[in-house]
1. Setting aside same-chain residues fewer than 8 positions from Lys221, which aspartates and glutamates have a Cα under 16 Å from its Cα?
2. Order these by the 10 Å Cβ neighbour count, fewest first: Phe14, Phe72, Phe154.
3. Any lysines with Cα under 20 Å of the Lys137 Cα? List them, leaving off those in the same chain fewer than 8 positions away.
4. Which cross-chain or sequence-distant (5 or more) residues have an amide H under 5 Å from the amide H of His85, H modelled 1.01 Å from N in plane?
5. Check cross-link reach from Lys63 to the lysines: straight Cα distance under 22 Å, and skip same-chain residues fewer than eight apart.
6. Taking the Cβ of each residue in Asp155, Asp103 as the centre, tally the other Cβ atoms inside 10 Å and list the residues starting with the fewest.
7. Just need the relative contact order of segment 18-148 here, percent rounded to a whole number, with Cα pairs under 8 Å and 6+ apart.
8. How are the alpha carbon pair distances in the chain distributed across 5 Å bins from zero to the largest one, expressed in percent?
Amino acid sequence: MQLALAKAISGVDFRPGSLGPELAAAIAGDFRRHRVGIEVLGCYVNPIHPDLEARAAGIAWFKEHLRHARDFGCQIVALESGSLHADQRPHHPGNESSEAFEDLVAVLADLVDEAAHHGVVVGIEPVHGHVLSTPEKTRVLLERITSPHLQVVFDPVNLLSRDDAGDSAGVTRRALEAFGDRISVVHLKDFRSGSEGLVPCAAGLGDYDSAPLLEWLARHKPTVAVLLEEAGPERIAASLACLQRPLTHPIS
């Protein structure tokens, strides 16, 4: 699973300074007893928060996750590429600017240095409307920060817009070509087109063509973690069927 501490665990006051080896080991032990591995720590701070004090606080909290990731039994701490909207809503016009991109590069370079020091990985998740809004921008970032301690958490649906949702397979192929070599985790969900845009749903229940992604993974990264999103108990059967569906497209 991907564990976002404050979202998933109640009764514990998670704030900067609260993490430590004992707490992390206790949480990881509870998951192990239920035969659940923690693949990723989700720490979705806004790396380009417009309030510099809030940005610094978020970066400090992310670094705390990096320091203790191994205590949770995992090596990846993930975040999205951020927005100039404080709450990370997409589509701020400044997100497309070179200034926002350079801010992101600077923040990630610092986080990657910290990750390397602790022998863990920063997982960056591109999202349409955020700074890393396309496969091509993500590739440019990875060419700027070549460290293996920066990897991609790939959610193909998050890279879709209303305009290109009808070619979800094509967008997926562009992404795999651009940064497939740096994918360490995949988020798998689906979408339906609604009046206000794309509405996420469980894999196998919408319009996303998952075949190109699953076939590429089967050939190139068969052991990568595929984490199901939007898959509550009443929807898990559809998501599992999507994963187990026979491959019908040629693998390239």
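1. Glu39, Asp155, Glu177, Asp181
2. On the way: Phe14 15, Phe72 22, Phe154 29.
Taking fewest neighbouring Cβ atoms as first place, the list is Phe14, Phe72, Phe154.
3. none
4. Amide H to amide H, under 5 Å and 5 or more residues apart or across chains, His85 pairs with His92.
5. Lys7
6. On the way: Asp155 21, Asp103 18.
Ascending number of Cβ neighbours within 10 Å: Asp103, Asp155.
7. Details: 200 pairs, mean separation 33.4, N = 131.
This gives 26 percent for segment 18-148.
8. 1, 6, 13, 17, 19, 18, 14, 9, 3, 0, 0
Where a number appears in this text, it was derived from the coordinates with a stated rule and is not lab data. Note that the structure is a prediction, hence the values are computed from the model and not measured. Cβ coordinates were reconstructed from backbone atoms using ideal geometry, including for glycine residues, and neighbour counts include every protein chain displayed.
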